[in-house]
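Chemist: I am attaching a structure below and will ask some questions about it afterwards.
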Amino acid sequence: MSVLILGATSPIANAAAREYASRGHAVFLAARDEEAASVLAAELSEAHGVEVGSGRFDALETQDHAELVARVERELGALEVALVAFGDMGDHDAALNDPAAARRIIDVNYTGAVSICEAAAAALTAHGAGSIVGISSVAGERGRQSNYIYGSAKGALTLYLQGLRNRLHPLGVHVMTAKLGFVDTRMTEGLKTAIPIADPADVGRALYNAERRGTNVLYYPKFWAGIMGVIRAIPESVFKRLKL
């Protein structure tokens, strides 16, 4: 059985990969930076004594996604878990004036994620078991002027994962949506906020534990569930006047 980590060189994916490897799972690390993924694979294999493979993955190269899943199964055995942990916030201001920049944000965070999820779903339903974990964001809960292109892509991903969960549940495959708040990654570099920023290692551990429990929707840190409940409750007549 194998665990496919997509976007494996990001801090969150790296931490999740360590959680799975430390518990004896064979892991395949897929990332755009194939060399960095290979270095991490060697490190994890040596540290935990498990099989760890690596290879190139680009969310935009959808024509290669099914073959990547097939390769993981050839090299490491039947797919057990696919963790969709890549994303790109992009430059919101640039995207407002450049349709190509806007499309890239949408395609990385939504189109590419849907493509690899469907490839993973095909493999998992053939086995009648397993999990897909999609990392979304609290940014997808409500459109805000500061990042609504990225937020809309994550919101679409959340809705997609909900539908995928509905489709795959009768087939024995679980789908988990992880709605993350602020995490200490490149996306939050320089961010000034009174809200605590989560450590990627803690996020990786939370993702692993929630997936093992069969959680449907995970907010992490947990307090974001309450924050977003308040934000969703604000009337649109008021919300549209806020600078967020």
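Computed from the coordinates by the stated procedures, all read-outs in this text should not be read as laboratory data. Worth saying up front: this structure is predicted, and the values here are computed from it rather than measured. Cβ sites come from the backbone with ideal geometry, for glycine too, and all protein chains shown count toward neighbours.
Chemist: Can you tell which of Ile135, Val203, Trp224 lies farthest toward the positive end of the dipole of the chain, using +1 and -1 charges on the Cβ of basic and acidic side chains (Lys, Arg; Asp, Glu)?
Modeler: Trp224
Chemist: Would you mind counting up the charge near Thr111? Only other residues with Cβ under 13 Å from its Cβ, with Lys and Arg at +1 and Asp and Glu at -1.
Modeler: Numbers: positive: Arg103, Arg104, Lys154; negative: Asp58, Glu61, Asp88, Asp107, Glu118.
Net local charge, Thr111 excluded: -2.
Chemist: Can you list the DSSP H helices in the chain whose Cα atoms extend at least 15 Å along the helix axis and whose mean Kyte-Doolittle hydropathy is 0.0 or higher?
Modeler: Numbers: long enough: 11-22 (16 Å, -0.14); 34-48 (21 Å, 0.13); 65-76 (17 Å, -0.26); 112-127 (23 Å, 1.19); 148-168 (29 Å, 0.03); 200-213 (20 Å, -0.99); 223-233 (16 Å, 1.39).
Qualifying helices, which must be both long enough and hydrophobic enough, are 34-48, 112-127, 148-168, 223-233.
Chemist: Tell me which residues come under 5 Å, amide H to amide H, from Asp58 once H is placed; ignore anything under 5 positions away on its chain.
Modeler: So Asp58 has HN proximity to no qualifying residue.
Chemist: How big is the charge dipole of the chain about its Cα centre, in debye rounded to the nearest 20, if each Lys and Arg gets +1 on its Cβ and each Asp and Glu gets -1 on its Cβ? It would help to have the intermediate numbers written out before the result.
Modeler: Details: 24 positive and 27 negative charges, 260 e Å.
It comes to approximately 1260 debye.
Chemist: Still on this model: When DSSP beta bridges are limited to those with both residues in the stretch 2-239, what percentage is antiparallel, rounded to the nearest 5? Don't skip to the answer; put the middle values down first.
Modeler: On the way: 0 of 31 bridges.
If we restrict to bridges inside the stretch 2-239, about 0 percent are antiparallel.
Chemist: Please sort 101-108, 226-233, 63-70 by packing, taking for each peptide the average over its residues of neighbouring beta carbons within 10 angstrom, highest first.
Modeler: 101-108, 63-70, 226-233
Chemist: Please arrange Leu168, Leu44 by counting, for each residue, the other beta carbons lying within 10 Å of its beta carbon, fewest first. Please list the in-between numbers first.
Modeler: On the way: Leu168 19, Leu44 23.
Fewest-to-most ranking of Leu168, Leu44: Leu168, Leu44.
Chemist: Shifting gears a bit: Using helices alone, what [θ] at 222 nm do you get for the chain, with -39,500 (n - 2.57) per DSSP H run of 4 or more residues, divided over all residues and rounded to the nearest 500? Numbers along the way, then the final one.
Modeler: Numbers: 10 runs with 119 residues, N = 244.
Result for the chain, helices only: -15000 deg cm²/dmol.
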